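Remarks on the structure that follows.
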Amino acid sequence: MSDARVLVLNADYQPLNVCGLPRAVGLIYLGKAQILETKDDALRTVNCTYPKPSVIRLYTYIRKPYTTVKLSRKSILTRDNYSCQYCGKREKHMTVDHVLPKKHGGKTEWENLVCACRACNSRKGGRTMKEAGMQLIKKPYKPHFVLPNQYTQLVNSNLDEAWWKYLEYYIIN
């Protein structure tokens, strides 16, 4: 039971955190949160069966300070969902590529960095996309929001599909 993760949304439906199942059940039991999405399996006690939460929403709004997303290799890979922005392939070891190479005046900023597989990064080399005959699947952007470390760790493994409709605005925009 303790290894299951639950997405916690603020009262305004903004992603707030990821917590363990026992914490989520406690928040629901205390009347501090409601279940928005459930998993297929259920929680069973001797007398009752309860839905197993996947996404919960707090009844009370939690104020959090505005934080910007820090530019890092890990945040670029997370933004691009660990998939190559040139061919769409997902590998264990991904690289970060400058869309416009530094030698052509490209800067190290959100709008010029993408996740790339080793083969595509090598094929493109220090050339522009036009010179290399390559195209981007998605235009790079600065994300508005990335969940804390728990999300980053889950992206490549067991991210619950029910979470995406609550996360896509913050991650994909």
Report task. Order the peptides 12-24, 74-86, 28-40 from the highest to the lowest mean number of other Cβ atoms within 10 Å of their residues. Result -> 74-86, 12-24, 28-40
Requested in this report: Could you bin all the Cα-Cα distances of the chain into 10 Å bins starting at 0 and give me the percent of pairs in each, rounded to whole numbers?
Outcome: 9, 33, 27, 18, 10, 3, 0
Query raised in the report: Which one of 94, 108, 14 is farthest out on the positive end of the charge dipole of the chain, using unit charges on Cβ (Lys, Arg +1; Asp, Glu -1) and the Cα centre as origin?
Result: 108
Query - Of 103/139; 70/165; 107/165; 64/107, pairs whose Cα-Cα distance is over 26 Å - result: 107/165; 64/107
Query - Mean Cα-pair separation over length for the chain, i.e. relative contact order, pairs under 8 Å, 6 or more apart, % - result: 20
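Can you tell me the dipole magnitude for the chain around its Cα centre, using point charges on the Cβ only (Lys, Arg +1; Asp, Glu -1), in Debye to the nearest 20?
Here the size comes out at about 700 debye.
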Report summary line: Once phi for every residue in region 85-91 is put through the Karplus expression 6.51 cos²θ - 1.76 cosθ + 1.60 (θ = phi - 60°), the whole-Hz ³J(HN,Hα) values, with Gly and Pro written as x, are 7, 9, 10, x, 6, 10, 10
Report task. Quick one: dipole size for region 73-132, taken about the Cα centre, charges +1 on Lys/Arg Cβ and -1 on Asp/Glu Cβ, in debye to the nearest 20. Result -> 180
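Where a number appears in this text, it was derived from the coordinates with a stated rule and is not lab data. All values reported here derive from a predicted model rather than from experimental measurement. Every residue, glycine as well, gets a Cβ built from its backbone with ideal geometry; the counts of neighbours run over all protein chains shown.
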